[in-house]
């Protein structure tokens, strides 16, 4: 077992994060806390054992959404850091960190970041620009809200991830059908069966470029940050189709987005950890809050950041959560991009063009998760994306061009 100083408690069995931790932490230094039903359903003890850094996977409240003190966890006594590995573990991570007296987001900040409606209330109190919004309990409330905005709105759950259940409504759309789809949206492989949904909200539809800010924060201070440009799938589901970094926005606009993220960080009282804040730029220049997560970003943004800036964002997050302030390159020395794709709905017959995509100059990862015989669904959330093409180049536009070129070579044949 590792000595105190190396030991980490990871909340949620995020296998991607654990594989990164294995590159930097000694054998037996990581204790993973996960919900019992998820451990059993996913065979997580056996899967996590592939990495030498994992000492054990223990049952515990990894997805609690309140501030109740956790049960005793012996590993906390020697832990130097408590690390969130999933969106649903953000609150539990803050609670465990508080119990251990270790740096963390802070329980109140975590509660705000895990509830999109609560975050809206906090942002409004701080004067942060954002769309008009309201909690909604039924289709009639959605129609009433949309009527105030020309019949259009965004309908979303207040507590999900990966655009799950999010729907863009236009005048004349079937609100009852959208409501059924949003309230039925499930990501059961990631959520414990003991979960109680928090409800839904409607938001004013805004238009403009979308960006995200990734940051490492120590005691409320930004140690490092990046702005990522986003592209979205066309249609009624705002699923991210690609990321490119560093952002190509004018410096003044980037600074405005970073200032808004700092204001949001202060408003929620965020302490220490990683932030991933999403913004819509109204008129291309004015950031309006979409939402914010108190964890590392998904959508392969972490490996893109590592390619563009050097170093390891995961390793530096662990150091920050230990109370350190690791130096990081303030400016990217390269560009990086990902483009996602998906099959048309149907039964997958074959995947074509993957070797050719992998051979495109600059591509450092090209993965197709659709397998022959599986059923491809319409893209309604990030979980439906099956093609992932990551590329790097001397700058962001060249990286985006390489990712797009490679993605265009992949074709998934369906019946």
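No value in this document is a laboratory result; all are computed from the given coordinates. For clarity, every value in this text was computed on a predicted model and none was experimentally measured. In this analysis, Cβ positions are derived from the backbone assuming ideal geometry, glycine residues included, and neighbour counts consider all displayed protein chains.
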Sorted by packing (mean other beta-carbon atoms within 10 Å per residue), highest first, where do 153-164, 67-78 land?
153-164, 67-78
Taking the inverse of the average 1/r across all pairs of different Cα atoms in region 26-107, what Kirkwood radius in Å do you get?
13.0 Å
For region 206-330, take the alpha-carbon Rg, divide it by the Kirkwood Rh, and send me Rg/Rh.
0.95
Can you put 414, 90 in order, fewest other beta carbons within 10 Å first?
414, 90
Selected from 19, 85, 381 as most flexible by GNM, with the chain as the system and alpha-carbon contacts under 10 Å:
19
Write down Rg/Rh for region 80-222, rounded to two decimals, with Rg from the C-alpha atoms and Rh from the Kirkwood relation over Cα pairs.
1.01
Give me the base-10 log of I(q)/I(0) for region 132-203 at each q in 0.27 Å⁻¹, Debye formula, one uniform scatterer per Cα, rounded to two decimals.
-1.26
Multiply the residue separation of residue 414 and residue 375 by 0.36 nm, subtract the distance between their alpha-carbon atoms, and state the gained length in nm to one decimal.
13.2 nm
Here the averaged projected area of region 284-368, based on the convex hull of its alpha-carbon atoms and given in nm², is 9.4 nm²
Ranked on Cβ counts within 10 Å of their own Cβ, fewest leading, 23, 230 go 23, 230
Between (1) 5, 21, 32, 29, 12, 1, 0; (2) 4, 17, 21, 22, 21, 12, 2, 0, 0; (3) 5, 23, 33, 24, 11, 3, 1, the structure-derived P(r) over Cα pairs in 10 Å bins from 0, in percent is (1)
For region 334-415, what is Rg from Cα atoms divided by 2.2 N^0.38 Å, rounded to two decimals?
1.09
Residue-averaged 222 nm ellipticity for the chain, from DSSP H runs of 4+ at -39500 (n - 2.57), nearest 500
-8500 deg cm²/dmol
Using only the Cα atoms of region 249-291, build the gyration tensor, take square roots of its eigenvalues as a ≥ b ≥ c, and label the shape rounded, prolate or oblate: rounded if a/c is under 1.5, else prolate if a/b is larger than b/c, else oblate.
prolate
Using alpha carbon centers only, region 11-56 is separated from region 70-89 by a whole-angstrom value of 12 Å
With a 10 Å radius around each residue's Cβ, average the other Cβ atoms per peptide and rank 317-325, 39-47, highest first.
317-325, 39-47
